[in-house]
Amino acid sequence: MAAMLLVMGACTSNSSQNNQNVNENTEKKEKPQAVEGRKNFGSSHALVTTPQPCVMIATWDKDHNPDVMMAAWAGQLDYTKIVISLSKHKTTDNLAETGAFTVSFADERTVAQSDYFGLVSGNDVPDKVAKVGFTVTPSPNVDAPIINEYPLTLECKVVSFEDGMLIGEVVNQSADESILTDGKVDLAKLKPIVFDAAGMCYRALGDSVGQAWGAGKKYQ
Ligand SMILES: Cc1cc2nc3c(=O)[nH]c(=O)nc-3n(C[C@H](O)[C@H](O)[C@H](O)COP(=O)(O)O)c2cc1C
């Protein structure tokens, strides 16, 4: 924004200088202007968008062995679609074969197992799910395994996988009774963890601190 304002400011003076300023800004993309009064980090590889969810993507491999990986670059795209940024993994090979996957949420009880699923590839350890003592149930809706030890799971069909962006259609969601209160998913019981990209660690969530579409009403 500061760079944009500088370019806009230059626009009021002289047009050949403007072009020069615009070009300089384009060419120096990797060295942005500092924001006054703040520590500047630039747009490096270690970009901090935090907190991020810790989603666990489970697939069948070609021999029908379950595989699962951790992904933190994930989000909800619309009411029934999710998007996950994926590099090449055993998981992406599996997705190309089956066109389906499940997504579960790492929680405080499964920090070590979930991190292990992000450290080790099923290409190197084909039984990585069994190795931590986890078990699976075949999804009745898509061609993918549900990891029993994760209490909340989305069953998804692949919509597309282009430029490293996996888009999935959620065809069903199920939850273990143990994380429900009055029939609804209760995050205080699920205890999901988030990935802290600044601290390079996992964090627990805290208490509810305000009603959504409600806390701001006092300013209306
Ligand atoms: C905290 C954390 C977050 C990760 N997020 C992603 C991600 O969003 N996208 C991705 O492609 N890989 C991500 N990974 C790496 C994969 O989980 C890892 O390469 C995994 O071993 C792949 O397993 P697979 O080869 O069995 O599919 C992450 C790993 C960790 C520890």
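Since every read-out is calculated from the coordinates, none of them should be taken as a lab result. Just so it is clear, the structure is predicted and the values come from calculations on it, not from any experiment. Cβ placement follows ideal geometry from the backbone for every residue including glycine, while neighbour counts extend to all protein chains displayed.
Find how many whole Å separate the alpha carbon centroid of segment 38-89 from the alpha carbon centroid of segment 181-220.
When both Cα centres are located, 19 Å separates them.
Give me 73, 213, 60 sorted ascending by neighbouring Cβ count inside 10 Å, so fewest comes first. Before the final figure, lay out each step's value.
Numbers: 73 17, 213 6, 60 21.
Ascending Cβ contact count within 10 Å gives the list 213, 73, 60.
Can you work out the Karplus-derived ³J(HN,Hα) for every residue in segment 81-90? Use 6.51 cos²θ - 1.76 cosθ + 1.60 with θ = phi - 60°, whole Hz, and x for glycine or proline.
Whole-Hz 3J(HN,Hα) from phi for segment 81-90: 10, 10, 10, 9, 8, 10, 7, 6, 9, 4.
With each run of n ≥ 4 DSSP H residues scored as -39500 (n - 2.57), what mean residue ellipticity at 222 nm is computed for the chain after dividing by its residue count and rounding to the nearest 500 deg cm²/dmol?
Dividing the helical sum by the residues of the chain leaves -6000 deg cm²/dmol.
For segment 63-69, take each phi angle, set θ = phi - 60°, evaluate the Karplus expression 6.51 cos²θ - 1.76 cosθ + 1.60, and give the result in whole Hz per residue in order, putting x for glycine and proline.
Result, ordered by residue: 9, 6, 7, x, 10, 8, 9 Hz.
Which whole-Hz couplings ³J(HN,Hα) result when phi for each residue of segment 114-131 is put into the Karplus expression 6.51 cos²θ - 1.76 cosθ + 1.60, θ = phi - 60°, listed in order with x for Gly and Pro?
Taking θ as phi minus 60°, the curve returns 5, 5, 4, 5, x, 8, 10, 8, x, 5, 8, 10, x, 9, 5, 5, 5, 4 Hz for segment 114-131.
Across the chain, where is the longest run that never hits trypsin sites (Lys or Arg not before Pro) in a DSSP loop with at most 11 other C-beta atoms within 10 Å?
Here the longest run is 89-220.
For helix 2-11, report the angle its Cα long axis makes with the longest principal axis of the Cα atoms of the chain; keep it between 0 and 90° and round to the nearest 10°.
Between the helix axis and the principal axis of the chain, the angle is about 30 degrees.
Compute the long axis of helix 15-27 from its Cα atoms, compare it with the longest principal axis of the Cα atoms of the chain, and write down the angle in degrees, 0 to 90, nearest 10.
Once rounded, one gets 30 degrees.
Looking at the square roots a ≥ b ≥ c of the eigenvalues of the Cα gyration tensor of segment 49-204, which shape do they give, rounded for a/c under 1.5, prolate if a/b is larger than b/c, or oblate?
Rounded.
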